[in-house]
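Below is one structure, written out as structure tokens; comments come after it.
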Amino acid sequence: MAQLMDGKAISEAVRKRIRQEIEALQEEQGITPGLAVVLVGEDSASEVYVKNKEKACEEVGISFELFRLSASITQQELEETICSLNEREDIDGILLQLPLPGKLDSDRVVSLIRPDKDVDAFHPENIGHIMRGDFFFLPCTPAGIMQMLRESGINPTGKRCVMVGRSDIVGKPMAMLLLHADATVTICHSKTENLAQICREADILVSAVGKAGFITSDMVCPGAVVIDVGMNRNAEGKLCGDVDFESVEPIASYITPVPGGVGPMTVAMLLQNTLVAAKRHGGITV
Ligand code: NDP
């Protein structure tokens, strides 16, 4: 039986520390970190994610401002919104909720966010820092996973790690963080041949595919650490990950549940990035 990596409990501890730091920042420097979230259109999943972020900000004392824009907004109007937020001194972090509807060009909009306010770390400049390993904004989901590994006493150094998925927001930065931690990393994707065999070689297996039940027990080496990033709905409409939990949990050494695993850690890292941005804007060394 695997040990559960409780993202909810670990993220609560992180949030508590952030709340204390923000209280001190307010008392000693008069600084309240501010986060602006730009939400375009009416995607129901995005609505839930934004609500979660708002609640988390309120809990730790980050001032949260939602910019709700119509799906009919033009590219230029959206870009102007970002540029105006770049100018506002009370806003330390800007988050563009993805995906954008219609033909709006998200890459272009993200590249307009000032890098020092890019708390999702999606701006090309921040991606470059993640590649080099000298970043100050954490890529939220990968950083949350690294924190969970640390808290569970799992050191990736020298370990064989397999990342299934190569997206810009999860797969690639996760592989980079594992590489920076001196793991031997393989990145897999939809064109990978012999996927099950490669996955079976993993000491640490991370899945970010977006398909319920994708990772089955025959893809997991007994004793492996299994990290499930996926957020999917099963046939009954219930939230689930990529991993077939029932068959994999008995053979893994550690496993993240969905919900209550990687998801809460991602939000905690966003709060952490907003705090870092506020400190930097306040001239405080981080
Ligand atoms: P993307 O759709 O951008 O990427 C999915 C990746 O999976 C792609 O690289 C794709 O390969 C790969 N893939 C698809 N099918 C296969 C296959 N049959 N075999 C091997 N690889 C395959 O998704 P994201 O990275 O944005 O998200 C992945 C999942 O993680 C989603 O469920 C998402 O909701 C969730 N998520 C959860 C977060 C959290 O906080 N818990 C945060 C972000 C995402 P290819 O590149 O070749 O197409």
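The values are calculated or read from the model by the stated rules, or taken from the named source; none is laboratory data. For clarity, every value in this text was computed on a predicted model and none was experimentally measured. Every residue, glycine among them, receives a Cβ derived from its backbone with ideal geometry; neighbour counts consider all protein chains shown. Heads up: the accessible areas ignore ligands, DNA and RNA and are worked out on the full protein's heavy atoms, side chains in. Shrake-Rupley method; radii C 1.70, N 1.55, O 1.52, S 1.80 Å.
Please give the Cα centre distance for the stretch 240-276 versus the stretch 45-112, rounded to the nearest Å.
With the stretch 240-276 and the stretch 45-112 each reduced to a Cα centre, they are spaced 24 Å.
Using protein chains only and a probe of 1.4 angstrom, how many square angstrom of Arg200 are accessible, to the nearest 10?
110
Give the shape of the stretch 27-140 as rounded, prolate or oblate, defined through the alpha-carbon gyration tensor: a ≥ b ≥ c are the square roots of its eigenvalues, a/c under 1.5 means rounded, and otherwise the shape is prolate if a/b is larger than b/c and oblate if not.
Note, shape of the stretch 27-140 comes out oblate.
Of Ala277, Cys221, Gly153, which is farthest on the positive side of the dipole of the chain, counting Cα position, with +1 on Lys and Arg Cβ, -1 on Asp and Glu Cβ, and the Cα centre as origin?
Cys221
From the phi of every residue in the stretch 55-66, what ³J(HN,Hα) in whole Hz does the Karplus formula 6.51 cos²θ - 1.76 cosθ + 1.60 yield, where θ is phi - 60° and glycine or proline is x?
Each residue's phi maps through the Karplus curve to give 4, 5, 5, 4, 4, 9, x, 8, 6, 10, 10, 9 Hz.
Per residue of the stretch 199-211, what does 6.51 cos²θ - 1.76 cosθ + 1.60 with θ = phi - 60° give for ³J(HN,Hα)? Whole Hz please, x for Gly and Pro, Karplus curve as stated.
Each residue of the stretch 199-211 in turn: 4, 5, 7, 7, 7, 10, 10, 10, 10, 9, 10, x, 9 Hz.
Under 10 Å, Cα contacts only: if you run a Gaussian network model on the chain, which one of Ser111, Ser247, Ser44 comes out with the highest mean-square fluctuation?
Largest GNM mean-square fluctuation: Ser44.
Taking the Cα-to-Cβ direction at Ala196 and at Thr32 and moving 7 Å from each Cα, how far apart do the two end points lie in nm?
Going from the Ala196 label point to the Thr32 one covers 5.6 nm.
What nm distance separates the two modelled labels at Thr74 and Asp134, each placed 7 Å from Cα along Cα→Cβ?
Each label point is offset 7 Å from its Cα along the Cβ direction, giving 4.1 nm.
Take the alpha-carbon centre of the stretch 148-166, take the same for the stretch 1-32, and report the distance between them in whole Å.
Centre-to-centre (Cα) distance: 22 Å.
Plugging the Kirkwood radius over Cα pairs into Stokes-Einstein for the chain, at a temperature of 25 °C and a viscosity of 0.890 mPa s, what D comes out in µm²/s?
This corresponds to a translational diffusion coefficient of 125 µm²/s.
Just list whichever of Lys211/Lys279; Lys51/Lys279; Lys159/Lys211; Lys16/Lys103 have alpha carbons separated by over 32 Å in the model shown.
From the list (Lys211/Lys279; Lys51/Lys279; Lys159/Lys211; Lys16/Lys103), the Cα-Cα distance tops 32 Å for Lys211/Lys279; Lys16/Lys103.
List the pair-distance distribution P(r) of the stretch 68-211, using every Cα-Cα distance, as the percent of pairs falling in each 5 Å bin from 0 up to the bin containing the longest distance, rounded to whole percents.
Per 5 Å bin, starting at 0, the Cα pair percentages come out as 2, 9, 17, 18, 16, 13, 11, 7, 5, 2, 0.
I want the antiparallel fraction of DSSP beta bridges within the chain, as a percent rounded to 5.
Of the beta bridges lying entirely in the chain, close to 5 percent run antiparallel.
Ignoring any ligand, DNA or RNA, what whole percent of the accessible area of the stretch 1-58 comes from carbon and sulfur when the probe is 1.4 angstrom?
Of all accessible area on the stretch 1-58, carbon and sulfur atoms account for 46 percent.
Would you kindly derive the ³J(HN,Hα) couplings of the stretch 214-227 from the backbone phi angles with the Karplus curve 6.51 cos²θ - 1.76 cosθ + 1.60 (θ = phi - 60°), listing them in order in whole Hz, with x for Gly and Pro?
Per residue, the Karplus-derived 3J(HN,Hα) values read 5, 8, 9, 4, 6, 9, 10, 6, x, x, 6, 8, 10, 10 Hz.
According to the Kirkwood expression over distinct Cα-Cα pairs, how big is the hydrodynamic radius of the stretch 199-272, in Å?
12.4
Could you state the angle between the C-alpha long axis of helix 75-87 and the longest principal axis of the C-alpha atoms of the chain, as a value from 0 to 90 degrees rounded to the nearest 10?
Between helix and principal axis, roughly 70 degrees.
Sort Arg19, Arg150 by heavy-atom solvent-accessible area, probe 1.4 angstrom, most to least.
Arg150, Arg19
Where only protein heavy atoms count, and the probe is 1.4 Å, what is the accessible area per residue for the stretch 52-115 in Å²?
The answer is 54 Å² per residue.
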